[in-house]
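The values are calculated or read from the model by the stated rules, or taken from the named source; none is laboratory data. Just so it is clear, the model here is predicted, and its values are computed rather than measured. Reconstructed Cβ throughout: ideal geometry from the backbone, glycine too, with neighbour counts over all protein chains shown.
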């Protein structure tokens with residue numbers, strides 16, 4: 001059950017980091033309580049990252065809706081995400097971190113993948129997230145924006161730090177499950193924190209372009225995950 005615990009802990013830590021990054025003291029206790037309540041595990045299909053637990057990490061992150069997004073808010077409590085406060089420089093950090101982590105994750109696992117479609121997906125992640133990162137770096141340099149670290153960026157790092165274990169087809173399934181979970185979380189962070197709070201028009205445009213790519217990646221990752229589960 002160790003991986004099950006890791007997945008639940010990672011999602012919970014991200015929720016707590018988002019809460020602490022901008023919520024007033026008077027709201028923190030009830031938000032933390034709502035976060036814990038919203039993280040009950042609901043059965044779906046056997047999990048891929050938590051291969052020994054039978055729990056789908058997508059459900060651990062709040063469940064899947066018809067749009068492919070988790071149902072839990074970014075901050076762990078629906079309706080409270082507007083209380084998170086990030087500056088443009090912090091938004092740059094979150095966006096750069098998300099792109100770097102997914103590109104690196106794909107590069108790390110690429111040689112262990114077994115199916116053509118998972119390898120092609122990983123290669124796409126390396127290319128597209130790498131290109132987004134370079135585009136954002138160039139644009140923010142022109143704007144004079146230097147990324148500033150924050151709890152959201154740090155916790156994305158923690159979520160992405162778990163190794164993908166197993167051999168053979170288990171590696172492909174674990175990688176695709178991880179991609180679904182991470183893209184869910186990044187997309188929700190974009191929608192509920194980054195886009196609403198980006199003040200520079202150029203930065204907002206970059207984040208909007210990033211959102212389009214992340215949404216497409218999530219859709220493809222979900223479809224591949226389902227096909228792998230049927231084998």
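Is it fair to say residue 193 is touching a strand residue (DSSP E or B) at 6+ places or on another chain (Cβ under 9 Å) and either over 21 Å from residue 85 (Cα atoms) or assigned to a helix (DSSP H, G or I) (or both)? The answer is no for residue 193.
In region 100-107 there is at least one residue that is within 11 Å of the chain's Cα centre (by Cα) and assigned to a helix (DSSP H, G or I). Annotation note: of 118, 108, the sole residue that is buried (at least 19 other Cβ atoms within 10 Å of the Cβ) and farther than 15 Å from residue 206 by Cα is 118. Just one of the listed residues (137, 142, 173, 163) is assigned to a helix (DSSP H, G or I) and over 21 Å from residue 86 (Cβ atoms), namely 173.
Of the residues making up region 206-224, those that are farther than 16 Å from residue 185 by Cβ and touching a helix residue (DSSP H, G or I) at 6+ places or on another chain (Cβ under 8 Å) are 206, 208, 209, 220, 224. Among the conditions (1) farther than 23 Å from residue 193 by Cβ; (2) modelled with pLDDT under 95, residue 173 misses just one, which is (2). Can you give me the number of residues within region 105-117 that are in contact with a helix residue (DSSP H, G or I) (Cβ under 8 Å, 6 or more places away or on another chain) and more than 16 Å from residue 181 (Cα to Cα)? Result for region 105-117: 8. Of the numbered criteria (1) part of a loop (DSSP other than H, G, I, E, B); (2) under 23 Å from residue 212 (Cβ atoms); (3) without any contact (Cβ under 8 Å) to a residue 24 or more places away in the chain, the one residue 120 fails is (1). In a residue-by-residue description of region 146-155, the property of being in a loop (DSSP other than H, G, I, E, B), free of Cβ contacts under 8 Å to residues at least 60 places away in the same chain and surrounded by 15 or more Cβ atoms within 10 Å (Cβ to Cβ) applies to at least one position.
Quick check: is even one residue across region 73-81 modelled with pLDDT under 50, at positive phi and buried (at least 19 other Cβ atoms within 10 Å of the Cβ)? Looking for residues that are modelled with pLDDT under 50, at positive phi and buried (at least 19 other Cβ atoms within 10 Å of the Cβ), one finds at least one in region 73-81, hence yes.
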